[in-house]
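First the structure, in the form of structure tokens, and then the observations on it.
What follows draws every value from the coordinates through simple rules; no lab data is involved. Predicted, not measured: the structure shown is a model, and the values here were computed from it. So basically every Cβ, Gly included, is an ideal-geometry build from the backbone, and we count neighbours across all protein chains shown.
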Amino acid sequence: MVIARSMAPAVAGCAIGLASTFVLVRFVEHFLFDTSSKDPGVLAAISVLLLGVGFIASYLPARRAARVDPMIALRSD
């Protein structure tokens with residue numbers, strides 16, 4: 001549940017980023033050398049990388065929280 005809730009903004013951010021890439025490509029086209037401005041391999045690789053980082057950033061704290069005994073967590077508050 002924690003991972004699903006934290007991956008939703010990451011997926012939405014990737015979707016918005018990919019959509020804005022196709023809109024704003026004309027402004028950054030002159031900065032790109034030896035690659036197409038709409039190279040699907042690069043866009044897919046960056047999207048997978050960002051989603052992977054988002055997954056790891058949500059998985060590690062969720063795994064750590066799942067290991068804590070609920071009674072100990074309730075008593076500490």
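Right, Phe22: of a type in the set (Phe, Trp, Tyr), free of Cβ contacts under 8 Å to residues at least 60 places away in the same chain, assigned to a helix (DSSP H, G or I) and surrounded by 11 or more Cβ atoms within 10 Å (Cβ to Cβ) or not? In short, yes. When you look at Phe55, is it out of contact with any Phe, Trp or Tyr (no Cβ under 6 Å at 6 or more places or on another chain) and over 23 Å from Gly13 (Cα atoms), yes or no? Taking the combined requirement at face value, the residue does not satisfy it. Against the test of being hydroxyl-bearing (Ser, Thr, Tyr) and more than 16 Å from the chain's Cα centre (by Cα), the options Ser47, Ser36 yield a single qualifying residue, Ser36. Considering (1) assigned to a helix (DSSP H, G or I); (2) out of contact with any Cys (no Cβ under 7 Å at 6 or more places or on another chain); (3) of a type outside the set (Phe, Trp, Tyr), the lone condition that Asp34 does not fulfil carries the number (1).
Does region 38-59 contain at least one residue that is part of a loop (DSSP other than H, G, I, E, B), without any contact (Cβ under 8 Å) to a residue 40 or more places away in the chain and surrounded by fewer than 10 Cβ atoms within 10 Å (Cβ to Cβ)? Before you say what the answer is, go through the steps one by one.
Restricting attention to region 38-59, the residues satisfying the condition of being part of a loop (DSSP other than H, G, I, E, B) are 38-39.
With the extra rule that they be without any contact (Cβ under 8 Å) to a residue 40 or more places away in the chain, the set shrinks to 38-39.
Right, trim to surrounded by fewer than 10 Cβ atoms within 10 Å (Cβ to Cβ) and you get none.
No; the residues of region 38-59 include none that is part of a loop (DSSP other than H, G, I, E, B), without any contact (Cβ under 8 Å) to a residue 40 or more places away in the chain and surrounded by fewer than 10 Cβ atoms within 10 Å (Cβ to Cβ).
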